[in-house]
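Step one of this worksheet: look at the structure below.
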Amino acid sequence: MRSNRASARSIFRNCFYSVFKDYRRVGYRLLMFAAAMMSLLLVSCVKNELKVSLELPKDITDAYRLLYYASDSKKGWYTETVVTVQQGKGETLCYTKNPTIVYVMYSGNMPEAAFYAERGDKIRITGETGDPYAWKIEGNKVNEEWSEWRLANKEALKGRDSQKINKAVAGFVNANPDKALSAILLMTYYDRRSDDKGFRVLWNKLKGDALKPEWVQLAGCADMPGGMPAERLKVGELILHTAGNGADTLKIGGKPMILYFWRSDDSDKAESMNELRNLRKLVPDSSRYLISDISFEMDSLSWRYGLSGDSLKGVVRGWLPIGEADSVVMRMGVNRTPYVLVYDKKGQEIYRGDDLSKASAMYRKLTAPER
């Protein structure tokens with residue numbers, strides 16, 4: 001009898017433990033499922049927006065423009081909003097799903113400050129004056145470091161001194177090659193026009209987080225496919241949409257060549273076209289020389305309107321609507337407008353840069369024996 005009772009207790013205990021184990025296992029799974037669902041709910045509650053608030057002295061009533069690239073998984077677009085400050089207080093929302101860089105503009109069309117933001121961020125801007133150069137911008141680690149750097153180099157930035165700015169960027173990159181801000185500073189502040197070689201040297205020092213392609217995507221650098229500066233390669237020919245013929249292939253080599261890349265809103269465009277007109281007069285026989293002006297205008301109407309206004313004759317009038325994003329243009333190393341390339345008869349590059357007067361002087365030397 002006792003044996004039967006002991007056996008019954010043993011069976012009951014084993015069944016109880018088994019059920020309890022199953023209950024704990026099921027309970028754990030239910031708990032994990034509930035946690036996962038809560039995480040999804042919390043993520044879904046994060047709207048595609050970020051909040052920007054300003055706290056300035058009470059005597060400041062003004063307005064500031066915010067320009068940024070808003071994007072989601074399917075498309076992207078540039079958008080601009082205005083934040084109004086009344087008695088030192090201002091607040092606005094910026095709408096984007098993906099991270100972005102927001103540029104702050106006040107007295108002109110050039111950014112005076114900028115900050116990095118992700119959706120859900122609360123960006124807090126404080127300052128003792130209405131000058132964006134002197135503001136402290138918080139909201140994430142990148143902005144805190146960015147503000148510290150900007151305040152330390154405020155005078156160089158306000159003076160738009162490219163040499164001092166490049167030096168300041170180089171100093172941060174050399175000290176912090178693995179930080180995201182190093183990549184951001186290189187792409188938003190470094191003047192590649194004055195020192196493209198220096199830019200490439202600094203970029204090759206980046207490592208770790210600084211090399212994530214997302215930083216290049218934020219800055220929208222067309223000549224940096226895959227998150228790296230496009231390497232310059234020797235190009236044998238360039239195919240263009242052209243006025244008159246519809247299309248032309250420019251073969252590099254065989255005769256001196258000057259290529260001038262432009263957009264209608266470039267500074268000194270009229271003077272540049274006049275210089276090309278003077279160069280054309282040097283050697284009227286186009287079989288012995290080649291001059292081409294190449295437009296990066298996005299639509300053909302803007303391009304053709306520009307042609308009708310400058311009456312440039314005897315020159316190959318080219319059009320590349322995708323501009324710096326063209327694969328051949330990338331290999332040629334043309335990353336902006338205005339830009340000039342000069343080649344000799346052997347196809348060797350003699351000049352590259354944005355100074356047409358220097359390019360013109362080189363071209364005149366090349367064509368001197370022909371005159």
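By the gyration tensor of its Cα atoms, with a ≥ b ≥ c the square roots of the eigenvalues, what is the shape of the range 281-357: rounded for a/c under 1.5, prolate for a/b over b/c, or oblate? In terms of gyration-tensor shape, oblate.
Pairs of C-alpha atoms in the range 170-217 farther apart than 14 Å represent 40 percent of all such pairs. Across the range 313-353, the mean sequence separation of Cα contacts (distance under 8 Å, 6 or more residues apart), normalised by length, yields a relative contact order of 23 percent. Model label sites at Glu128 and Leu151, defined 7 Å from Cα along the beta-carbon direction, differ in position by 1.0 nm. Coupling constants for the range 108-115 follow from the phi torsions by the Karplus curve (6.51 cos²θ - 1.76 cosθ + 1.60, θ = phi - 60°), and in residue order they are x, 9, 9, x, 10, 7, 7, 8 Hz; glycine and proline get x.
Label sites at Asn109 and Asp161, each approximated as a point 7 angstrom past Cα along Cα to Cβ, lie 2.7 nm apart. Based on the Stokes-Einstein relation at 4 °C and a viscosity of 1.567 mPa s, and on the Kirkwood radius from alpha carbon pairs, the range 92-158 is assigned a translational diffusion coefficient of 104 µm²/s. Stretching the chain fully between Thr61 and Lys74 yields a gain of 0.8 nm (0.36 nm per residue, less the alpha carbon separation). Across the range 240-371, the fraction of Cα-Cα pairs farther apart than 19 Å, rounded to a whole number, is 44%. Residue pairs exceeding 30 angstrom between C-alpha atoms, taken from Lys97/Lys164; Lys212/Lys251; Lys234/Lys358: Lys97/Lys164; Lys212/Lys251.
Residues in the range 282-294 carry Karplus couplings, in order, of 5, 10, x, 7, 6, 6, 10, 7, 8, 10, 9, 9, 10 Hz; the curve used is 6.51 cos²θ - 1.76 cosθ + 1.60 with θ = phi - 60°, and Gly or Pro positions show x. Considering all different alpha carbon pairs of the range 40-114, the Kirkwood hydrodynamic radius works out to 13.6 Å. A cut-off of 5 Å between modelled amide H atoms, ignoring neighbours fewer than 5 places along the same chain, links Glu55 with Ile125, Thr126, Gly127.
Note that the range 55-171 shows a convex hull volume over its alpha carbon atoms of 111 Å³ per residue. For the range 76-183, run through the trypsin sites (Lys or Arg not before Pro) and keep only the ones in DSSP coil with at most 15 other Cβ atoms within 10 Å of their Cβ. Within the range 76-183, the qualifying trypsin sites (Lys or Arg not before Pro) (loop, at most 15 other Cβ atoms within 10 Å) are Arg160.
Subtracting the Cα-Cα distance of Asp265 and Ser311 from their residue separation scaled by 0.36 nm leaves 14.8 nm. Over all Cα atoms in the range 312-371, the spread is summed up by Rg and Dmax: 12.9, 37 Å. Rounded to the nearest Hz, the phi-derived 3J(HN,Hα) couplings of the range 63-79 under the Karplus curve 6.51 cos²θ - 1.76 cosθ + 1.60 (θ = phi - 60°) are 9, 10, 9, 10, 10, 7, 9, 8, 8, 10, 6, 10, 8, x, 7, 7, 9, where x marks glycine and proline.
A compact globular protein would have a Cα radius of gyration near 2.2 N^0.38 Å; the ratio found for the range 144-196 is 1.03.
For Glu49, the residues whose amide H sits under 5 Å from its own are Thr96, Gly120, ignoring neighbours fewer than 5 places away on the same chain, with H placed 1.01 Å from N. Using only the C-alpha atoms, the convex hull of the range 71-113 corresponds to 87 Å³ per residue.
Taken along the Cα-to-beta-carbon direction at a fixed 7 Å, the label points for Lys212 and Arg200 span 2.8 nm.
Quick note: the coordinates plus some simple rules give every number you see, no bench work behind them. Everything quoted here is computed from the prediction, not taken from an experiment. Don't worry about glycine lacking a Cβ; one is built from the backbone with ideal geometry, like all the others, and counts go over all protein chains shown.
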